[in-house]
């Protein structure tokens, strides 16, 4: 586990990518230096009536200048407030949190769906193996050109306006992609499909779970998933996504 810090960071850049997707760079050398692909940080709103932090996956880190990037979707009042913060504003953060991906395998299939796409960017930057990148969108694409710098990109969209019409599994099959490790992050139905596909093909897979969180540090047990083995903390068959995850091997959990 990496050390966790609660800090006040400075926003160095904040732009809008699509109608509801924003990209924010913040400066904090400690978190940027220690964060691993697949981890997240919690952002605290300035408004006093929003006490719980908002967990946001880390999209990229730049250790050389001590910055990290968050790409997030506006989904509620908290992220709506954050979307109006400006460059040079400060923001309270806690992180890095959770357990990230284990970098392994010789030929990887990297799968991101929706807002599960951003945390896969730092992963593809750090993976040293052959990379095949599959990105699934509902409609508008984002970050796909940035992923293209690190490997071949295959796109699926629900409406067919880019790539193939369908989901990420359709894209994997249509392009005859093979590998010895699948890394995936996205909505639960997508992860369920990846888990089933990996089992059918006899491929190892690591899944990053998306879930609403409260504390973000494993104390409140608000974000749990069903596990194959008993959790030592609760003595029942579950895992805390914020603390034990968000990344799990696909054979560890039931979706």
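The values are calculated or read from the model by the stated rules, or taken from the named source; none is laboratory data. What you are looking at is a predicted structure, and each value in this text was computed from that prediction instead of being measured. Cβ sites come from the backbone with ideal geometry, for glycine too, and all protein chains shown count toward neighbours.
Only residues that are part of a strand (DSSP E or B) and either modelled with pLDDT under 95 or surrounded by fewer than 16 Cβ atoms within 10 Å (Cβ to Cβ) (or both) were counted across region 13-39, and they come to 3.
Here residue 73 fulfils each of the conditions (1) touching a residue at least 12 places away in the same chain (Cβ under 8 Å); (2) farther than 29 Å from residue 206 by Cβ apart from (2). Which ones in region 1-12 are surrounded by 12 or more Cβ atoms within 10 Å (Cβ to Cβ), under 18 Å from residue 53 (Cα atoms) and at pLDDT 95 or above? Those that are surrounded by 12 or more Cβ atoms within 10 Å (Cβ to Cβ), under 18 Å from residue 53 (Cα atoms) and at pLDDT 95 or above: 9, 10, 11. Scanning region 159-174 for residues that are in contact with a strand residue (DSSP E or B) (Cβ under 9 Å, 6 or more places away or on another chain) and over 16 Å from residue 191 (Cα atoms) returns 159, 161, 162, 163, 164, 165, 174.
Residue-level check: of (1) out of contact with any strand residue (DSSP E or B) (no Cβ under 6 Å at 6 or more places or on another chain); (2) closer than 30 Å to residue 127 by Cβ, residue 73 misses just (1). For region 172-183, does any single residue satisfy the condition of being at pLDDT 95 or above and within 30 Å of residue 43 (Cβ to Cβ)? There is at least one residue in region 172-183 that is at pLDDT 95 or above and within 30 Å of residue 43 (Cβ to Cβ).
Being out of contact with any strand residue (DSSP E or B) (no Cβ under 6 Å at 6 or more places or on another chain), under 20 Å from residue 59 (Cα atoms) and assigned to a loop (DSSP other than H, G, I, E, B): is that true of residue 125 here? So residue 125 does not fit the description; no. What number of residues within region 164-208 are touching a residue at least 60 places away in the same chain (Cβ under 8 Å) and outside any loop (DSSP other than H, G, I, E, B)? The number of residues fulfilling the criteria is 16.
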